[in-house]
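This report refers to the structure that appears directly beneath it.
Any read-out appearing in this document is the output of simple, stated calculations on the displayed coordinates, not a laboratory observation. The structure displayed is predicted, hence computed values, not measured ones. No Cβ is skipped: glycine too gets one built from the backbone with ideal geometry, and neighbour counts run over all protein chains shown.
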């Protein structure tokens with residue numbers, strides 16, 4: 001049986017459903033704010049976060065931006081099946097860690113420059129260190145912490161930021177693995 005109702009009937013039914021939802025919604029506005037806060041606990045928005053970087057107790061620095069934390073797997077395809085038919089199964093192949101890029105306004109601090117110089121003069125083994133990156137929220141509390149193993153500066157660039165009068169320092173760090181601790 002296929003009934004078609006007129007628009008006034010549909011409107012009344014929709015209004016009743018909306019009214020029931022409003023009446024049955026939980027309590028006061030304060031209770032709804034508390035419920036929303038409980039639902040978002042642990043998912044704070046970083047807003048204008050900064051990134052504190054420590055290289056194996058050798059130096060600390062603060063950067064404005066950080067990108068590239070993560071990994072990717074190559075895809076290996078293998079044929080599966082018998083004479084009747086074959087299917088291609090995709091399995092994880094070689095794991096690659098992304099290089100991490102950090103950027104900040106250029107300062108008189110030469111520690112990043114000196115770390116890169118170790119690599120350029122052939123002392124890359126000494127430059128390979130554990131690197132800890134801590135994302136600090138607007139109130140100054142840590143929101144996330146990553147550890148890079150055997151990290152070393154692959155690239156260092158100092159120069160004018162495009163479209164700005166600000167000199168920046170950008171370092172690209174390569175590593176052999178990243179772990180998120182927080």
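The figures follow:
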| quantity | calculated |
| --- | --- |
| Full-extension gain in nm, residue 125 to residue 75, via 0.36 nm per residue minus C-alpha separation | 14.9 nm |
| Three-way shape label, the range 41-152, alpha-carbon gyration tensor, a/c 1.5 | oblate |
| Estimated distance in nm for a label pair at residue 179 and residue 82, the labels positioned 7 Å out from Cα along Cα-to-Cβ | 4.6 |
| Sites residue 59 and residue 164, calculated FRET efficiency, Cβ-Cβ separation with R0 30 Å, nearest 0.05 | 0.70 |
| Spacing of the two label points (7 Å from each Cα toward its C-beta) at residue 145 and residue 89, in nm | 4.0 |
| FRET efficiency, 1/(1 + (r/R0)^6) with R0 25 Å, evaluated for residue 110 and residue 52 via beta carbons | 0.85 |
